[in-house]
Amino acid sequence: MKRRTALRLSVLGGATMAARMMVDPVRATERSIGPVGVPRFDLPLKIPPVLEPVARSDAHDEYHIVQRAAAQEILPGRPTTIWGYQGLFPGPTIRVRRNRAAVVRHTNQLSTHTVVHLHGGAVPADSDGFATDMVTPGASRTYTYPNRQRAATLWYHDHAMDRTGENVFRGLAGFYIIEDDEDLALPLPRGPFDVPLVFQDRAFNADGSFAYDTGRHNGFEGDVMLVNGVPWPKMEVSARKYRFRFLNGSNARLLQLTLNGTEPITLIGTEGGLLSQPVLITTLPLAMAERADVVIDFSRYDVGTKLFLMNVAEKPTFAQIMRFDVVRREADDSRVPSRLSDPAFLERPKTATTRTWSLRAGLRFGEGLPPIAWTINGKPFDPNRSDAAIALGDVELWRFRNEAPLGLPLRVLARPHPTHVHLAHFQILERNGKPPLAHERGWKDTVALDGIEDVLVLLRFSQFRGRYLLHCHNLEHEDHAMMARFDVT
Ligand code: C2O
Ligand code: CU
Ligand code: CU
């Protein structure tokens, strides 16, 4: 709570400021040195190492992670102090098998409070990383992940109340991949051809340290794009198929991905696992915390071809994220089958509890308060207040609404809110009264709400009782109270 109080004191109010904050996309701090001089498409992509268990028993695998500061050379010659799981940014990848539990013990050797959340995991409440379940500096906590869910690309990241944005920005995030027999039996690209890619924008000071400011109410955007912690990397690929697990791990940057603008990408999975069948796309919107499993077939290109993964939501100068250089021919016996999986979707029930969650900025007037609180149903987050009680096993319809302040139907005043639910994955039934977009017709745990959009989802609350969170995954919005608690009883 201290951090929020400090923030209130540091941000001075006033209607002009409020208006500016709502319409200005805010970029990096003044202190940031900007992207000039950072190499582009020169540094090789790195793949985060896979974490080995420290012990295995019949029932589970045990892992130990130390959260610590470390110097990491992100910008050549200017080491950055990162806060990392095992001292790495991004953290090591945890790869597990379905129905085999992982017990992960975290030791906090940082000078800040931390909380670990497994994003996309169906996890008992005391292991879910509730925002106030802090691990204080020097302390440890053990999290148990049952992995009783479909194969999917998850991620683990910090979730400490009021400071998630800073903790994640400084490095506390990593991949968590669940595999299962169904996925492993498919002839998809595997091993070195199954590559996780996390996209994160960052800003730097002249000495190489991260430049971060939680006071950016619209969310903190950097000016250097990193993939797996490497600025604008290049990846040498063979002329064959690769599976990529895309994660938008940015605090506040929306992505609209393309391969060289128009090249084909085959979408095979969303946050909750494989789709029933592959979908051919050329653009892939990916909001913060959204994941997409895709296959790219580089055998379509001659050796020597260079292709850019682009974020076409940006101006051309900043649009290129990374480059794939096709450097060799290679045999490829992988393929994308026309039938991938049975996602076992739910039937839309005739009657079900329907809840509306309205996300909006609230103007507030009070001494020392910032002029804007990000709210859900008009209320800022209070860990002691439950906003919904749901019976275990229930299927509910939830409507997420992005509303402009004061109920004004002005798209320009509403910020995008990628809305995320813990515990329960969901099916999107309607986006603005129409069918969901092509890339969001699988199980999801995060959905982008742009402008004054309205999304209806169907979810089932199974496996665990307890308190869980629902929030905007713009991490500065989350830290500035755009979060709600629900209880499964
Ligand atoms: Cu990825 Cu509650 O968060
Ligand atoms: Cu989550
Ligand atoms: Cu938001």
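The values are calculated or read from the model by the stated rules, or taken from the named source; none is laboratory data. In this text, all values refer to a predicted model and were calculated from it rather than measured experimentally. Positions of Cβ are generated from backbone atoms using ideal geometry, with glycine treated the same way; all protein chains shown enter the neighbour counts. Ligands, DNA and RNA are stripped out before the accessible areas are found, and what is left, the full protein with its side chains, is counted by its heavy atoms. Shrake-Rupley method; radii C 1.70, N 1.55, O 1.52, S 1.80 Å.
Within region 422-475, the residues that satisfy the criterion of being among the aliphatic types (A, V, I, L, M) and farther than 23 Å from ALA252 by Cβ are LEU423, ALA424, LEU429, ALA438, LEU456, LEU458, LEU459. Residues of region 395-431 that are in a loop (DSSP other than H, G, I, E, B), at pLDDT 95 or above and within 16 Å of TRP357 (Cβ to Cβ): HIS422, LEU423, ALA424.
Filtering GLU62, GLU52, GLU30 for residues that are outside any helix (DSSP H, G or I), modelled with pLDDT of 50 or more and open to solvent by 80 Å² or more (accessible area, probe 1.4 Å) leaves a single hit, GLU52.
A quick yes/no check of all residues on (1) within 16 Å of ligand 2 (Cβ to nearest atom); (2) within 18 Å of TYR63 (Cβ to Cβ); (3) in contact with a His (Cβ under 7 Å, 6 or more places away or on another chain); (4) not assigned by TED's automatic domain parsing to the domain that holds ASP297:
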site	(1), (2), (3), (4)
VAL116	yes, yes, yes, yes
GLY121	yes, yes, no, yes
SER127	yes, yes, no, yes
PHE130	yes, no, no, yes
ALA139	no, yes, no, yes
ARG170	no, no, no, yes
GLU179	no, yes, no, yes
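Selection of first residues in region 54-78 that are in contact (Cβ under 8 Å) with a residue 24 or more places away in the chain and of second residues that are of a type in the set (Lys, Arg), restricted to Cβ pairs under 6 Å at least 6 apart or on distinct chains, gives the following pairs, ordered by first then second residue: HIS64/ARG105. Of the residues in region 217-224, at least one is in contact with a His (Cβ under 9 Å, 6 or more places away or on another chain) and on the phi < 0 side of the Ramachandran plot. Scanning region 175-196 for residues being open to solvent by less than 10 Å² (accessible area, probe 1.4 Å) and in a loop (DSSP other than H, G, I, E, B) gives a total of 3. Among the residues of region 417-442, the one identified as out of contact with any strand residue (DSSP E or B) (no Cβ under 6 Å at 6 or more places or on another chain) and within 16 Å of ligand 1 (Cβ to nearest atom) is HIS425.
Working only within region 320-347, note down all residues that are hydrophobic (A, V, I, L, M, F, W, C), assigned to a strand (DSSP E or B) and open to solvent by 10 Å² or more (accessible area, probe 1.4 Å).
Just the residues of region 320-347 that are hydrophobic (A, V, I, L, M, F, W, C), to begin with: 321-322, 324, 326-327, 331, 336, 340, 344-346.
Cutting the leftovers down to assigned to a strand (DSSP E or B) gives us 321-322, 324, 326-327.
Listed by number, the list holds a single entry, VAL327.
Hey, any hits in region 446-455 for a residue that's in contact with a strand residue (DSSP E or B) (Cβ under 7 Å, 6 or more places away or on another chain), within 18 Å of LEU413 (Cα to Cα), away from ligand 1 (no atom under 16 Å from the Cβ) and open to solvent by less than 20 Å² (accessible area, probe 1.4 Å)? Yes, region 446-455 contains a residue that is in contact with a strand residue (DSSP E or B) (Cβ under 7 Å, 6 or more places away or on another chain), within 18 Å of LEU413 (Cα to Cα), away from ligand 1 (no atom under 16 Å from the Cβ) and open to solvent by less than 20 Å² (accessible area, probe 1.4 Å).
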